[in-house]
1. Let me spell out the model: positive unit charges on the Cβ of Lys and Arg, negative unit charges on the Cβ of Asp and Glu, origin at the Cα centre of the stretch 56-208. What dipole size does that give, in debye rounded to 20?
2. May I ask for the distance between the Cα centers of the stretch 75-106 and the stretch 161-238, given as a whole number of Å?
3. Rolling a 1.4 angstrom probe over the protein chains, ignoring ligands and nucleic acids, what is the accessible area of T54 in square angstrom, nearest 10?
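The values are calculated or read from the model by the stated rules, or taken from the named source; none is laboratory data. The structure presented is a predicted model; accordingly, all values stated were derived computationally and were not measured. Note that each Cβ is placed from the backbone with ideal geometry, even for glycine, and that neighbours are counted across all protein chains shown. Just so you know, the surface numbers come from the protein's heavy atoms only, side chains and all, with ligands and any DNA or RNA stripped out. Shrake-Rupley method; radii C 1.70, N 1.55, O 1.52, S 1.80 Å.
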Amino acid sequence: TTTTTTTTTTTSTTTTTTTTTTTTTTTSTTTTPGCPSVFAGASIYLSFDTVTGTSVPNEGTEGVTGNLMSSATQTPSGLRGSAITFPIGASVVTLSSSVAIGSAWTMSAWVMDLKPNTGYRTLFRGLDPLAHHPVLTIPNSDIIGTWENDVQIFHPSGGSVSGLGAGSWHHITAVGTADTTRFFINGSFVGQADFQSNTTIYALGNFHGGGQPFADYVDEFRVWLTALSDSDVAELHTAILCSPQPSTTTTTTTTTTTTTTTTTTSTTTTTTTSTTTTTTTTTTTTTTTT
């Protein structure tokens, strides 16, 4: 009997592909910084971006509105957003009521394309008959200063608007405090007048009676009932285009594919048994001798 054992090993490889999607979300938020604190607290702020008929909303704290008078017109060509044009000698922006300015104040506006210096050019003016002109130039002069109306005296600052080129926006700021008026052009101090208006503010860009337009375009009119510092005025000039912007969110999706290989080994054992039968035949011969 012969027993033969045969072992056969069969290896079968099964590849299983498992796709795993991993989503990685990266959110980056970019926000343009808002306006610096110097912009806060303005009693009067006429941006001229929104005009309903001839009415301009005050975005400051004082309960007044602006009024476009005598062909003063909104134009989209502003420093930022819209501005106001003064096409004729009577064009002016007035407030719905005059605002008392007291003993400390700041007035600021952006202007482009000054009128010829052949006449008075008034940028700000009070309402009362004897109210002063906090910012103006006198005929045949480019020296900026303030006008003491009750005694008809011009108080020059020494600063000049002669270099304010056409076609460009320029920033004019006046700060009244301690019986003086400090003047700034494009954020820089240019001179001081020895007089300070302490009456009211009512007209912008011209005398409200007309005939003294300051420039062809005026934008971003602000009044604070406090005296801004020199650094505040400089910041007011450089940061004028500030505006809080919507957040920008960027999402990045990453897909990861994982492949898993599974190997399966199977063993098969085959046993073969062989039986061999051997037959032996014996022949017996008997011989008898007599």
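1. I would put it at about 340 debye.
2. Between the Cα centre of the stretch 75-106 and that of the stretch 161-238, the gap is 12 Å.
3. So the heavy atoms of T54 present about 80 Å² to solvent.
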